[in-house]
Amino acid sequence: MRVLVTGATGFIGGRLLPALRAAGHDCVVLTRDAARYDGPDGVDVVEGDLLEPGSFDSAVEDCTAAYYLVHSMESPDFEARDRRAARNFARAASAAALSRVVYLGGLGEESEGLSPHLQSRRALEGVLRDGDYDLTVLRAAVVLGAGGASFELLRQFVERLPQFAALPLPAAVRTNCQPIALDDAVASLVGVLDASETRGETYDIGGPEVLTYEQLLRRVARAAGRTLMTMPVPWLPRSTATYCLDRMTGIPTVMIASLIEGLDNTVVVRNECPRDLVPVDRTPVTVAIRRALAE
Ligand SMILES: NC(=O)c1ccc[n+]([C@@H]2O[C@H](COP(=O)([O-])OP(=O)(O)OC[C@H]3O[C@@H](n4cnc5c(N)ncnc54)[C@H](OP(=O)(O)O)[C@@H]3O)[C@@H](O)[C@H]2O)c1
């Protein structure tokens, strides 16, 4: 099948591409800067910008399916940009008569009030669903892998800590999350394309464990050789956490602020992607962390 991968230069798209090639698909990549693309050989690379209609028509041409793995979280007006990009994509994909689109969004219960970042991810489902193709949505929490914004935030933070550290943390670190290993997220993305029963469906994907963000941070610290004592304190302002992470990591400030806001949202699997349709061995969280640190 000829498949377009948007976001192929990104964290998840970059790993998805070789997996799609290994599964026997012909791949086309869309990027705003073809000169920066250094993915696998044998892939057609198209330079275009989803914010500029007409600039990426040749990428969707002749494709049967596409992955939508784009976001502009580094930009302060990410909500408006993401909406425009998804709307332009849906129109072009419909005009090119694509049969299927797969979108990776975020977990979280709308009824609990999503953070702006998670709300924006969720809103894109509706925008993409307007196209004349079958949309499959997978929703994930933190994806554990080298280069992912959330994982890098944790990794860079703990690696700058001394060998032994005691830290006050915002109380929201007691919220539950269900991280997933990058390889498992990629296997799910590839798997839904091969399972036509998943057309038009929305599923949650996650690893084998639910844990709090505090536990996740401590696991990353332990795997990085640090001994960390943590104390969630209700009065600690989030702005303090954002400030510290901003000083200690190379992650853009706007991304840090979005991720800290998202700490309030429980992100656990409720409507699991059926394993008989998409069989994926779920990597234990600690194994996924060790692999990501080793990369
Ligand atoms: N990372 C996680 O932990 C995580 C967790 C849950 C869900 N997700 C979802 O997974 C998807 C991919 O996330 P990621 O972490 O892999 O993202 P990423 O590494 O930040 O990559 C974003 C991609 O978007 C592309 N892009 C941005 N604006 C564009 C535009 N105007 N036109 C064309 N391409 C554009 C970029 O391509 P160029 O710069 O080459 O143009 C880049 O490849 C997102 O939908 C995200 O919500 C991620």
Around T64, under 13 Å between beta carbons, what's the net of Lys plus Arg minus Asp minus Glu among the other residues? -2
Against the empirical 2.2 N^0.38 Å scaling, what ratio does the C-alpha Rg of region 245-295 come to? 1.61
Residues with amide H under 5 Å of T202's amide H, sequence separation 5 or more or different chain, H placed in the peptide plane at 1.01 Å from N; which? V137
If the convex hull is drawn through the Cα atoms of region 26-86, its volume per residue in Å³: 97
Mean projected area (nm²) of the alpha-carbon convex hull when region 137-248 is viewed from all directions: 7.9
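If you build the convex hull over the alpha carbons only and average its shadow over all orientations, what do you get for region 182-267? Give it in nm² to one decimal.
Here the figure is 8.0 nm², rounded to one decimal.
Nearest 0.05, what FRET efficiency do T227 and R247 give at R0 = 22 Å with Cβ-Cβ as r?
Plugging the Cβ-Cβ distance into 1/(1 + (r/R0)^6) gives 0.50.
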Pairs of Cα atoms under 8 Å, at least six residues apart: use those to get the relative contact order of the chain, whole percent. 20
Cα→Cβ-extended label distance, 7 Å offset, between A95 and D38, nm: 3.4
Please give the Cα centre distance for region 190-227 versus region 234-263, rounded to the nearest Å. 22
In whole Hz, the Karplus estimates of ³J(HN,Hα) for region 279-294 (6.51, -1.76, 1.60; θ = phi - 60°; x where Gly or Pro) are x, 9, 6, 8, 6, x, 4, 5, 5, 4, 5, 4, 4, 5, 5, 6
Over region 1-85, what is the relative contact order in whole percent, taking alpha-carbon pairs under 8 Å and six or more residues apart? 34
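Taking Cα pairs under 8 Å and at least six residues apart, what relative contact order does region 118-264 come out at, in percent?
So the answer I get is 35 percent.
Using alpha carbon coordinates only, what is the Rg to Rh ratio of the chain, with Rh defined as the Kirkwood radius? Can you show the working numbers first?
On the way: Rg = 18.9 Å, Rh = 19.6 Å.
Radius of gyration over Kirkwood radius for the chain works out to 0.96.
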Separation of region 9-41 and region 89-108 by C-alpha centroid, Å? 17
Stretch gain in nm, segment E52-D132, where the contour uses 0.36 nm per residue and the Cα spacing is subtracted: 26.8 nm
Set of region 264-295 residues, backbone N closer than 19 Å to the point 7 Å along the Cα-Cβ line of R174: 264-268
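Here, each number is a calculation from the coordinates, and none is a lab measurement. This is a predicted model, so every value here is computed, not measured. As a convention, Cβ positions derive from the backbone with ideal geometry for all residues, glycine included, and neighbour counts pool all protein chains shown.
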